[in-house]
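The values are calculated or read from the model by the stated rules, or taken from the named source; none is laboratory data. Just so you know, these numbers come straight off a predicted model, no measurement behind them. Neighbour counts are summed over all protein chains in view; Cβ atoms, including those assigned to glycine, are modelled from backbone coordinates with ideal geometry.
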Amino acid sequence: MLIGGVIIIATFLSGCKELVMGLGPGAQDYSYEVGTGYKLIRSSAHMIQILPVGGNDLTNPKPEINSKVVEIAWNERYVLAKQIGLKLQHPNNPNNTYEIPDNSIVSYYILDTVELRLYGGYTLEEFNKEKTTLEISEELILKDVNRYQKA
């Protein structure tokens with residue numbers, strides 16, 4: 001009986017931790033394939049990146065889009081992404097390097113997974129212009145990263 005009570009309390013406290021940290025119920029780390037040879041990887045609430053499948057090779061690195069990716073769209077060739085910048089939560093404390101989103105810093109990227117070329121950090125206007133220049137389909141519409149199938 002006592003062990004069952006401890007398990008129930010531990011489970012409850014674990015759920016409360018997610019709510020207090022702003023993760024919400026069911027928020028977990030995940031990844032899914034995007035484009036050709038790339039994955040969106042969420043390793044924490046703010047560490048959401050687009051990286052080559054299998055990691056990056058230091059001798060011949062491939063382009064990547066670093067955190068925090070909040071919206072994404074892709075086809076076989078291109079990965080489109082909206083990124084929110086990160087800033088130190090406590091900039092005056094050199095021992096605390098935890099970063100939080102800075103919604104005043106927004107950048108847009110286009111990753112060509114065939115030519116292995118990264119375009120961006122663009123403003124929304126520059127991003128839309130580059131999509132037209134590269135003849136990227138209007139059907140590719142940025143959506144929240146949480147709307148896609150997760151592994």
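The figures follow:
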item: Residue match in region 71-89 (condition: over 9 Å from the mean Cα position of the chain (by Cα), under 25 Å from THR132 (Cβ atoms) and hydroxyl-bearing (Ser, Thr, Tyr)); result: yes
item: Residue match in region 122-139 (condition: in contact with a Ser or Thr (Cβ under 7 Å, 6 or more places away or on another chain), on the phi < 0 side of the Ramachandran plot and part of a strand (DSSP E or B)); result: yes
item: Flag for LEU134 being out of contact with any Pro (no Cβ under 6 Å at 6 or more places or on another chain) and of a type in the set (A, V, I, L, M, F, W, C); result: yes
item: Conditions (1) part of a loop (DSSP other than H, G, I, E, B); (2) at pLDDT 95 or above; (3) within 17 Å of the chain's Cα centre (by Cα); (4) not aliphatic (A, V, I, L, M): number failed by LYS150; result: (2)
item: Members of region 58-93 that are touching a strand residue (DSSP E or B) at 6+ places or on another chain (Cβ under 6 Å) and basic (Lys, Arg); result: LYS62, LYS68, LYS82, LYS87
item: Check on VAL106, touching a Lys or Arg at 6+ places or on another chain (Cβ under 8 Å), closer than 22 Å to THR123 by Cα and either of a type outside the set (Phe, Trp, Tyr) or touching a residue at least 40 places away in the same chain (Cβ under 8 Å) (or both); result: yes
item: Residue in region 50-72 that is surrounded by fewer than 12 Cβ atoms within 10 Å (Cβ to Cβ), at pLDDT 95 or above and closer than 23 Å to TYR32 by Cβ present; result: no
